[in-house]
Amino acid sequence: MTTLDASIVNIGLPSIARTFHVEISGATEWIIIGYLVVIASVLLTFGRLADMIGRKPIFLTGLVVFILGSALSGLAPSLLLLILARLFQGIGGALIFSVNVAMITSIFPSNERGLALGLNAVVVSLGVAAGPTIGGIITQYLTWRWIFYVNVPICMLVLLAAFYFYREQHPQQKQRERFDPIGATVLAIGLAALTLGLSFGQEWGWLSAGTLATLGISIVMLSVGVYVETHIEHPLLNLGLVSNRVFALANISFMLCMMALFAPGFLLPFYFEQLRGFSIVQTGLMMTPLPLMLAVVAPLSGSLADRLGSRWLSPVGLAIVCFGLFLLSQLNAQSSTWDIIGGLAVTGIGQGLFMSPNTRTIMGAAPRNAQGEASGLLATGRVIGQSMSVALTGTVFAALGGATAGTLLSSPQAQSHLLTSISGLQNTFVSSFHAALLVCAVFAAFGVFTALARGNEVATKKVK
């Protein structure tokens, strides 16, 4: 539901902007970015709370907040109230994200976790695949408000199912643990500032006062956060867990995977719509090979990891991702449908091979009493990796002229331009597109090395 919501809202932004008579850029971007900033800032806090009070109350509270946030977003009479409702909805999303992986790993024994995580990846990938198409249909035949209303009945069913059917063992010795408000506040400010700076860096300018201030605040606050966490009895973020080589390098590999794979989902719609002239629905359909292959491969790779371990599955998966991104970087204005499908399918196969085994490794390297913290760190790495992916590749794409060329190609005046002028714009767009996707391939290549460097999974002990 949360992945479906994220992909649907992107499609509805132009309609929302028309309703409130504003530009798509500027304040409207806060509908997306504000949601991500809130999630990034509180994931670690909610993951730690889940270890203290249990995952079920955190998850149920998240569903209630997400339902209310969705309803308020749909009812919003102004852009300001819509942004505020999305910030509130982001709290619900963070509560859900912070525990969902821990809930899965706590239910299934170690020899079945890979398959369970693979099946979870199926649901996630189907949400990603269906989002653009469903969003386009809802926006075209209903209104953008139904993009948010659709969450309400589905989340209510999940809420009832989780309340009656989900059972968990309560964390041991939770009475002796204390919450760390100082660490939670400092780390939240640092992560929020980092996400904000990465999200708006290209628009504000990387050397602008706003970008430098937000990134500077993030560095200072995260540094202070590390200091606080090393000098407190019950830290929010146990650095003993982060110093575990397997856990740390598996998380870094995951973040590099997000940096490699989130940007193509951001860049390809521009390729399809601005360079190739596809409709929104056609674009949504052309984006589906990657998540569909992920849905097919992830359960198989998870099952293999349960039997053989993930030592080699993760680096091989990222190597295939790297090759798939290279294939996508070769697309141009004349590429066939099969060229596009092939590149996306190869990339999806690689992601499917990597995700389930790597997630299994991360959660397996965390002791039972720190599963919520591990799940929160995993989700935080996802958000930060996605933000860095769009920031870095978007900057490369724009700096080389791809964004300007795409805008001119899709403008109504494009038909009146000389063929030589259009050809020049297409070449500029394609070369910028190629460079941005090759940057993504480099991220995946680095991920191969970090996945190899982490070594084999090891037995974990309780974090003290």
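Obtain the nm distance between the two label points defined at residue 399 and residue 81 by a simple spin-label model: each point lies 7 Å from its Cα along the Cα-to-C-beta direction.
Each label point is offset 7 Å from its Cα along the Cβ direction, giving 4.3 nm.
Sort segment 192-327 into rounded, prolate or oblate with this rule: let a ≥ b ≥ c be the square roots of the eigenvalues of the Cα gyration tensor; rounded if a/c is under 1.5, and if a/c is not under 1.5, prolate when a/b is larger than b/c, oblate otherwise.
oblate
Quote the FRET efficiency, to the nearest 0.05, computed for residue 167 versus residue 234 with a Förster distance R0 of 45 Å and r equal to the Cβ-Cβ distance.
E(calc), rounded to 0.05, equals 0.95.
So for the pair residue 22, residue 219, with labels modelled 7 Å out along Cα→Cβ, what separation do we get in nm?
Taking the simple label geometry, residue 22 and residue 219 are separated by 3.1 nm.
Beyond 23 Å, what share of the Cα-Cα pairs of segment 103-258 remains, rounded to the nearest whole percent?
65 percent
With θ set to phi - 60° and the Karplus curve 6.51 cos²θ - 1.76 cosθ + 1.60, what are the ³J(HN,Hα) couplings of segment 38-53 in order, to the nearest whole Hz, using x for Gly and Pro?
These are the phi-based 3J(HN,Hα) values: 4, 4, 4, 6, 10, 4, 5, 4, 5, x, 5, 4, 5, 5, 8, 10 Hz.
What residues have an amide H closer than 5 Å to that of residue 335, excluding those fewer than 5 places away on the same chain, when H is modeled at 1.01 Å from N in the peptide plane?
The answer is none.
Which value, in Å to one decimal place, does the Kirkwood hydrodynamic radius take for segment 257-347 when every pair of different Cα atoms is included? Each step should come with its number before you reach the end.
Working: mean 1/r = 0.0709 Å⁻¹.
In segment 257-347 this quantity evaluates to 14.1 Å.
Would you mind checking the tilt of helix 113-141 against the longest principal axis of the Cα atoms of the chain, expressed as 0 to 90 degrees and rounded to 10?
For 113-141 against the chain, the angle is about 40 degrees.
Convert each backbone phi in segment 351-357 into a coupling constant with the Karplus relation 6.51 cos²θ - 1.76 cosθ + 1.60 (shift: θ = phi - 60°), then list the ³J(HN,Hα) values in order as whole Hz, x for Gly and Pro.
3J(HN,Hα) across segment 351-357, in whole Hz: 5, x, 5, 7, 4, 4, x.
Tell me, what ³J(HN,Hα) does each residue in segment 281-298 have, in order and in whole Hz, if you take phi through Karplus 6.51 cos²θ - 1.76 cosθ + 1.60 with θ = phi - 60° and put x for Gly and Pro?
3J(HN,Hα) across segment 281-298, in whole Hz: 5, 4, 4, x, 5, 5, 7, 6, x, 5, x, 5, 5, 4, 5, 6, 7, 4.
Output the 0 to 90 degree angle, nearest 10, between the alpha-carbon long axis of helix 79-107 and the longest principal axis computed from the alpha carbons of the chain.
50 degrees
Residue 111 versus residue 156, label points 7 Å from Cα toward the beta carbon: distance in nm?
4.3 nm
Highest first, please rank the peptides 58-65, 297-304 by the mean number of other Cβ atoms sitting within 10 Å of their residues.
Details: 58-65: 20.0, 297-304: 23.4.
My ranking of the peptides, most packed first, is 297-304, 58-65.
Kindly provide log₁₀ I(q)/I(0) values, in the same order as q = 0.09, 0.14, 0.18, 0.19 Å⁻¹, from the Debye equation applied to equal alpha-carbon scatterers of segment 303-428.
With no solvent term, the Cα-only Debye profile gives -0.43, -0.82, -1.09, -1.15.
Starting with the fewest neighbours, write out 306, 339 ranked by other beta-carbon atoms found within 10 Å of each beta-carbon.
Result, fewest neighbours first: 339, 306.
Just the number, please: Stokes-Einstein D of segment 297-348 in µm²/s, Kirkwood Rh from C-alpha pairs, 4 °C, 1.567 mPa s.
For the chosen part, D equals 107 µm²/s.
Relative to the longest principal Cα axis of the chain, at what angle does helix 181-204 sit, 0 to 90 degrees, rounded to 10?
In the chain, helix 181-204 runs at an angle near 10 degrees to the longest axis.
Could you work out the equivalent-ellipsoid semi-axes for segment 212-286, taking the square root of 5 times each eigenvalue of the Cα gyration tensor, largest first, in whole Å? Don't skip to the answer; put the middle values down first.
Working: eigenvalues 327, 59, 17 Å².
One finds semi-axes of 40, 17, 9 Å for segment 212-286.
How large is log10 of I(q)/I(0) for segment 174-264 at q = 0.16 Å⁻¹ when the intensity is taken from the Debye formula with one equal scatterer per alpha-carbon?
Values, matching the q order: -0.82.
Is it possible to state the helix-based mean residue ellipticity at 222 nm for the chain, with each DSSP H run of 4+ residues giving -39500 (n - 2.57), the sum divided by total residues, to the nearest 500 deg cm²/dmol? What is it?
So the helix-based figure for the chain works out to -27000 deg cm²/dmol.
How big, in percent, is the set of alpha carbon pairs in segment 33-82 lying more than 14 Å apart?
Working: 784 of 1225 pairs.
For segment 33-82, the share of Cα pairs beyond 14 Å comes to 64 percent.
Starting from the eigenvalues of the Cα gyration tensor, five times each then square-rooted, give me the equivalent ellipsoid semi-axes of the chain, largest first, whole Å.
For the chain, the ellipsoid semi-axes come out as 35, 25, 22 Å.
With an 8 Å cut-off on Cα pairs and a minimum separation of 6 or more residues, tell me the relative contact order of the chain in percent.
RCO, the chain: 23 percent.
With N set to the number of residues, divide the alpha-carbon radius of gyration of segment 37-161 by 2.2 N^0.38 Å and report two decimals.
1.15
Could you work out the pair-distance distribution P(r) of segment 11-99 from its alpha-carbon pairs, with 5 angstrom bin width and percents rounded to whole numbers?
3, 16, 23, 21, 15, 10, 7, 4, 1, 0
For a Förster distance of 22 Å, can you work out the FRET efficiency between the beta-carbons of residue 407 and residue 446, rounded to the nearest 0.05? If you can, show how the numbers build up before the last one.
On the way: r = 32 Å, r/R0 = 1.44.
E(calc), rounded to 0.05, equals 0.10.
Only counting other Cβ atoms within 10 Å, I'd like 356, 218 sorted with the fewest neighbours first. If you can, show how the numbers build up before the last one.
Values: 356 35, 218 20.
Fewest to most other Cβ atoms nearby, the residues stand as 218, 356.
The numbers here are math on the coordinates, done by the rules we state, and not lab data. As the structure is a prediction and not an experimental result, all values here were calculated from the model. As a convention, Cβ positions derive from the backbone with ideal geometry for all residues, glycine included, and neighbour counts pool all protein chains shown.
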